[in-house]
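The values are calculated or read from the model by the stated rules, or taken from the named source; none is laboratory data. Because the structure is a prediction, the values reported are computed rather than measured. FYI the Cβ positions are ideal-geometry reconstructions off the backbone, even for glycines, and counts take in every protein chain you see.
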Amino acid sequence: MRIRKAVIPAAGLGTRFLPITKSVPKELLPILDRPMLQYVVEEAAEAGIEEVIIVTARGKESIAAYFQPRPELEERLAETGDNALLEKIQHAASLAQVSFVIQEQPLGLGHAVLTAREAVGAEPFVVILPDDIVAHTPGVIAQMLAVAEQFDAGVVAVERMPWEVIPNYGVVDAAPVQERTHQVRRLVEKPPLDEAPSNLTIVGRYLLPPEIFDCLERTPPGARGEIQLTDGISLLLESRDIYAYEFLGVRYDGGNPLGLLRASLEFALAREDTRAATQVLLKTLSTP
Ligand code: G1P
C-alpha cells in the first residue's frame, strides 16, 4: 500500500497553553530546539510520506513561515562556515513537500480533515495530530502502514489508558485479532465513564481511505458540539474494515504544559548532546 500524503490539523486555539498561544501557535512550541510540528513531519517522512498538508487557521501564519527558506540567515551561516546550523535550519523544509489549507471556522477535528479534501484527492492518507508525540523508531505511522497493508484496511492508533481519563478521548470497542491489533466494532468520542466500551483510547494517528471525506460530509456535530473525526470513522465502519493498533513507543501529551515539559526532559535525556547536562540538572533539582 502506497501512502503519499499526510494531513496535520493545526488550526486549534491552543487554549491549554494560553497566554503563550496568543501569539505563538501551539504546534510551534518546542521540545528542546525543534517545534512539536517538526517531530511529526519527521515521523511522516520516515514512513515515506512525500506530501504534508497542514490545516491552519488565520493568525497562525508563523507555521507556514517555519517551512519557508530564510535566504539572509542561510547566507550568513554559509559565510561563517556554520554548516551544522545551516543544515539544521534547512532540515524541516527538506523533509517533505508542505502545503497549507485554512480552516475558516473552528468546527472540530473532523471538519479540519474535511478541509483538506481537495488537497488529498482520491487516495488513502494519514492524519497526524501534532500534540501527540511518540518516541520510537520506527515511528507510529511506519508501524501502522504495515498493519494497513496486512489487513488491507484503515487503521487507528490506540493506547490503553487508566479508566479515569477515558472521557477525554475517543474510545474503541474492538476484538483482538493478533498481538497489538484489534478489529474495530464501534468508536465513541469522549464517552462518559459508564458508557466507555473499553479503555483503548485513540491516539492522534489515523490511516484512512478517501471515502472518509463523504462520511465527514454526513457527520453531524457530536461531543462538544464539534464535527468529530471519530464520528466520521464510525460512519466509515459501515462500509470498510478498520483496525485499532497498539503502537510501540511512548506517547507524550504535548497538548498541555506539563506533558510538554515531560517530553522535553525525556527527549533531553535520550539525546546524546544534552543527556549529561540534563542528568546533572535533574540531580541538582531533586537534591534538597
Ligand atoms: C482528539 C480526538 C480523540 C483522540 C485525541 C488524541 O481529541 O478527537 O478521539 O483520542 O485527539 O489526542 P482532542 O485531544 O482534540 O480533544
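Values as computed for the structure displayed
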item: Leading residue by the ranking (surrounded by the most Cβ atoms within 10 Å (Cβ to Cβ)) among those in the range 144-155 that are of a type in the set (A, V, I, L, M, F, W, C) and within 15 Å of the ligand (Cβ to nearest atom); result: V155
item: Strands (runs of 3 or more DSSP E) contained in the range 131-179 and holding at least 1 residues free of Cβ contacts under 8 Å to residues at least 40 places away in the same chain; result: 170-178
item: Identity of the residue in the range 217-235, assigned to a loop (DSSP other than H, G, I, E, B) and closer than 16 Å to T115 by Cα, that ends up nearest to the ligand (Cβ to nearest atom); result: Q228
item: Neighbours by Cβ (under 6 Å, 6+ apart or cross-chain): first from the range 252-268, in a helix (DSSP H, G or I); second of a type in the set (G, A, S); result: L260/G254; A263/G254
item: Only listed residue being in a helix (DSSP H, G or I) and modelled with pLDDT of 95 or more, chosen from I63, I49; result: I63
item: Where V184 falls short, out of the listed (1) touching a Leu at 6+ places or on another chain (Cβ under 7 Å); (2) closer than 26 Å to E51 by Cβ; (3) assigned to a strand (DSSP E or B); result: (2)
item: Yes/no for V184 being among the aliphatic types (A, V, I, L, M) and touching an Asp or Glu at 6+ places or on another chain (Cβ under 8 Å); result: yes
item: Residue satisfying all of: in the range 156-194; surrounded by fewer than 11 Cβ atoms within 10 Å (Cβ to Cβ) and among the acidic types (D, E); nearest to the ligand (Cβ to nearest atom) among these; result: E164
item: Number of positions in the range 195-207 that are under 14 Å from the mean Cα position of the chain (by Cα) and either more than 12 Å from the ligand (Cβ to nearest atom) or at positive phi (or both); result: 1
